[in-house]
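Engineer: Handing you a structure now.
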Amino acid sequence: MKIREMQSPLTTYCVVGGCVAVTAIAIIPFVTAQRSPARTITCVSNLKQVALATLMYSQDYDEHLPAAKNWMDTTYPYIKSKNTYRCPDLHSSKTTDFGYAYNASMALKKFTSYKTPATTIMLYDSNSLQWNASAAGRSGAANPPRHNGMDNFAFLDGHVKPQTLTGK
C-alpha cells in the first residue's frame, strides 16, 4: 500500500509538469510574435523624435537642415538620449550600432526650399549602423528590411511611415 501511495503524487507531478511544458511550448511563439510589432512601434516613435529634433534644429538655424557628416551630433541636444537613435529591431548587441541614417542630399539646405515636404525622405532605417550615418535618398535603407518586410521612413514634414524599399 505504501508504495502505491508514493507513486500517486509522483505520477501527478509528472502529468502536471508535462501539461505546463506543452502549454509553454504553445505560448512562446505567440509571445515572441507579439514583440515584433511592439519593436516596430518603438522604431516609429524613435524616428519621429529624431525627425522633430531635426526640424527644431532647422528652426534654430535659420531654416537650414543639419550637415550630413554630423547630423546626430547637432540634433542630440534636442533629444539627450542615444537610445532614441537606435532601432530596437537591430540584431546587434553593440551599443555603438544605431541603425538610422540621414538623407545626405538635403544637408545644409533650407527647409523652405522643399516644395513637397510630405514626400521628401529625411531619415530612415539604414544598413549603416555608425553614429552620423548618411546616404543620398533611400539608397542606404536597410536591406533586408527590419520590420515585417518594411523599413521606417521619416519625412521632412515630420511624419513617419513604414514602406518597402520601392516606396509603397
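The values are calculated or read from the model by the stated rules, or taken from the named source; none is laboratory data. Remember, it's a predicted structure, so these values are computed and weren't measured experimentally. Cβ sites come from the backbone with ideal geometry, for glycine too, and all protein chains shown count toward neighbours.
Engineer: In region 127-145, which residue that is in contact with a Ser or Thr (Cβ under 8 Å, 6 or more places away or on another chain), crowded, with 17+ Cβ neighbours inside 10 Å and of a type outside the set (G, A, S) is nearest to F98 (Cα to Cα)?
Structural biologist: So, considering only residues that are in contact with a Ser or Thr (Cβ under 8 Å, 6 or more places away or on another chain), crowded, with 17+ Cβ neighbours inside 10 Å and of a type outside the set (G, A, S), the one nearest to F98 (Cα to Cα) is L129.
Rundown of residues vs (1) of a type in the set (K, R); (2) loosely packed, with under 13 Cβ neighbours inside 10 Å; (3) within 20 Å of the chain's Cα centre (by Cα); (4) modelled with pLDDT under 90, yes/no style:
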{"site": "Y13", "(1), (2), (3), (4)": "no, yes, no, yes"}
{"site": "G17", "(1), (2), (3), (4)": "no, yes, no, yes"}
{"site": "A24", "(1), (2), (3), (4)": "no, yes, no, yes"}
{"site": "A67", "(1), (2), (3), (4)": "no, no, no, no"}
{"site": "M72", "(1), (2), (3), (4)": "no, no, yes, no"}
{"site": "F98", "(1), (2), (3), (4)": "no, no, yes, no"}
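Engineer: Does region 40-47 contain any residue that is in contact with a Leu (Cβ under 6 Å, 6 or more places away or on another chain), within 20 Å of H159 (Cβ to Cβ), modelled with pLDDT under 95 and surrounded by 16 or more Cβ atoms within 10 Å (Cβ to Cβ)?
Structural biologist: no
Engineer: Something else: Name the residue, out of T54, T95, T84, T75, that is in a loop (DSSP other than H, G, I, E, B) and hydroxyl-bearing (S, T, Y). Spell out how you get there, then give the answer.
Structural biologist: Values: T54 fails: in a loop (DSSP other than H, G, I, E, B); T84 fails: in a loop (DSSP other than H, G, I, E, B); T75 fails: in a loop (DSSP other than H, G, I, E, B).
From the options T54, T95, T84, T75, the qualifying one is T95.
Engineer: Sort out which residues of region 103-120 are crowded, with 20+ Cβ neighbours inside 10 Å and without any contact (Cβ under 8 Å) to a residue 40 or more places away in the chain, and write them in order of number.
Structural biologist: Selection gives N103 alone.
Engineer: Which one of these is touching a His at 6+ places or on another chain (Cβ under 9 Å) and part of a loop (DSSP other than H, G, I, E, B): L108, L165, L129? First the steps, then the outcome.
Structural biologist: Values: L165 fails: touching a His at 6+ places or on another chain (Cβ under 9 Å); L129 fails: touching a His at 6+ places or on another chain (Cβ under 9 Å).
Exactly one residue qualifies, and that residue is L108.
Engineer: Let me ask something else. Is it the case, given these coordinates, that L52 is touching a residue at least 40 places away in the same chain (Cβ under 8 Å), surrounded by fewer than 18 Cβ atoms within 10 Å (Cβ to Cβ) and at positive phi?
Structural biologist: Working: touching a residue at least 40 places away in the same chain (Cβ under 8 Å): yes; surrounded by fewer than 18 Cβ atoms within 10 Å (Cβ to Cβ): yes; at positive phi: no.
Against the criterion (touching a residue at least 40 places away in the same chain (Cβ under 8 Å), surrounded by fewer than 18 Cβ atoms within 10 Å (Cβ to Cβ) and at positive phi), L52 does not qualify.
Engineer: While we're here: Of all residues being surrounded by fewer than 20 Cβ atoms within 10 Å (Cβ to Cβ) and among the charged types (D, E, K, R) in region 146-168, which is farthest from K115 (Cα to Cα)? Just the residue, please.
Structural biologist: For region 146-168, the residue satisfying everything is K168.
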